[in-house]
Every structure is written in structure tokens, then in C-alpha cells.
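> Attaching a single structure in C-alpha cells format; questions to follow.
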Amino acid sequence: MDQIMMEDLLARPSDYVRSSMPGCLAFAYRKEDAARFVFERWDRSRYGSIGFLPMNVAPDAWRAILRLLMHEELYLPGFVANCVASKPCATGATTARETPKSPAAGPLLSKLTRREKQVLQLVSEGKSNKAIAAQLGITEHTVKLHMHNVSGKIGVSNRTAAAHFFFEAAAQDAHRTSVD
């Protein structure tokens, strides 16, 4: 789905989801504001997550993101991930319906090891397995193994869902801290 069709995508999401089956839906964009706009208004609880494909990145990065999308892994750009972590976004606040909260995020997060939490946090920042491996001093294979374990423990099927889970858990933790 191209940025030019953004309004139509948001007006008829079920049509686009249906046409993308059995694969995943990806939003190709040139401007960050367009990606934020779609992310804030896309009803993930009803239509599932969508991937994002920036059209203005280096060719190597673009090919890597495209490979993820072709393998039904979803890419969430860092500026959108930061937007989720620091609500509201620059373009406006989201409603509870647009970003569903999981009441079990906190308890599930406690099931992760320290290293799994580190990997999950870096994934939520939009870092690649290679960048995570370099930062933590482990192999890419070990990063993949940690993400496989994280996915099983928190019940998600891809990196984007894991990042959403991380942000929900962080938001719940921040809320608990402010209430206490």
C-alpha cells in the first residue's frame, strides 16, 4: 500500500487486509508524518498489525526491510516506536481503541530473562539482529534464539507484536509507578 492511497486504506481497511492474504499488509511511505498518521489510526485489534516500508532509506536498508516483509515479519520504524513509547505523538493522541492494552503484559514481562528483556528493548527501538548482536556482544543467531524464546513466552508471532508488547508493558509499569 502506497502513501498516496493512505486515506482509502484507512477508510476501507478490511478490503486491503483481505487483498493482502495470505501475506501481510505493508505501508510504503516517504514522509514520517504519513507513517505516524496511519499507525495512530490503524485498528490493530481488529485488522492486525501492518508493516512499514520507508521509501527514502539507503538501498541496503530498504532491501533488508523488504526481505522482512516478504517473510511476513513486520517492520516498525524507530520514530513510530518512539511515538508509542512517549504518547501522544506529534500528530495527535491515540484512543484506547486504537492501541489495545494487554492486562497481562506486566506479569508476562517478568517471565523473561534479563538478556531477553535487553533484546526485546532493542528490538522495540527498531534495531536489526546484527545491530543488537554487536551492541550486546553476542551472535546474530543468539539474538534470533532470544527473540524466539521471547515470542513464545509473551505469545506473539513477530517483532512488531513483540515491540507493541514491550511498549504496553512499559506503559503499564509507568502507570503503576505513578499511582504508587
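> So for the stretch 35-47 (the condition being open to solvent by less than 30 Å² (accessible area, probe 1.4 Å), at negative phi and not in a helix (DSSP H, G or I)), does at least one residue qualify?
For the stretch 35-47, residues open to solvent by less than 30 Å² (accessible area, probe 1.4 Å), at negative phi and not in a helix (DSSP H, G or I): present.
> Residues being open to solvent by less than 60 Å² (accessible area, probe 1.4 Å), more than 19 Å from ILE65 (Cβ to Cβ) and either part of a loop (DSSP other than H, G, I, E, B) or charged (D, E, K, R) (or both): count how many of those fall in the stretch 118-143.
1
> I'm checking my understanding of the structure. Among residues of the stretch 51-61 that are modelled with pLDDT of 85 or more and under 18 Å from THR160 (Cα atoms), which one is nearest to the chain's Cα centre (by Cα)?
Top of the filtered list is PHE52.
> State all residues of the stretch 17-43 that are within 13 Å of ASN56 (Cα to Cα) and of a type in the set (D, E, K, R); if no residue qualifies, say none.
Those that are within 13 Å of ASN56 (Cα to Cα) and of a type in the set (D, E, K, R): ARG30, LYS31, GLU32.
> Right, here's the next one. Only one of these is modelled with pLDDT of 85 or more, among the basic types (Lys, Arg) and either open to solvent by 50 Å² or more (accessible area, probe 1.4 Å) or not in a loop (DSSP other than H, G, I, E, B) (or both): ARG115, ARG67, ARG97. Name it.
Values: ARG67 fails: modelled with pLDDT of 85 or more; ARG97 fails: modelled with pLDDT of 85 or more.
On inspection, the qualifying residue turns out to be ARG115.
> Based on this model, can you work out whether VAL17 counts as outside any loop (DSSP other than H, G, I, E, B), among the β-branched types (Val, Ile, Thr) and without any contact (Cβ under 8 Å) to a residue 40 or more places away in the chain?
Numbers: outside any loop (DSSP other than H, G, I, E, B): yes; among the β-branched types (Val, Ile, Thr): yes; without any contact (Cβ under 8 Å) to a residue 40 or more places away in the chain: yes.
Criteria met by VAL17.
> Report yes if some residue within the stretch 48-55 is in a strand (DSSP E or B), of a type outside the set (Val, Ile, Thr), in contact (Cβ under 8 Å) with a residue 60 or more places away in the chain and closer than 13 Å to LEU76 by Cα; otherwise report no. Talk me through it step by step, then tell me what you get.
Start the filter on the stretch 48-55 by keeping residues that are in a strand (DSSP E or B), which leaves 51-54.
From what is left, the residues that are of a type outside the set (Val, Ile, Thr) are 51-54.
Applying the additional criterion that residues be in contact (Cβ under 8 Å) with a residue 60 or more places away in the chain yields 51.
Retained after the next criterion (residues that are closer than 13 Å to LEU76 by Cα): 51.
Checking the stretch 48-55: at least one residue is in a strand (DSSP E or B), of a type outside the set (Val, Ile, Thr), in contact (Cβ under 8 Å) with a residue 60 or more places away in the chain and closer than 13 Å to LEU76 by Cα.
The values are calculated or read from the model by the stated rules, or taken from the named source; none is laboratory data. Predicted model, so just to flag it, every value in this text is computed and none were measured. Here Cβ is always computed from backbone atoms with ideal geometry, including for glycine, and neighbour counts include all displayed protein chains. To get the accessible areas, we keep the full protein, side chains included, count just its heavy atoms, and leave off ligands, DNA and RNA. Shrake-Rupley method; radii C 1.70, N 1.55, O 1.52, S 1.80 Å.
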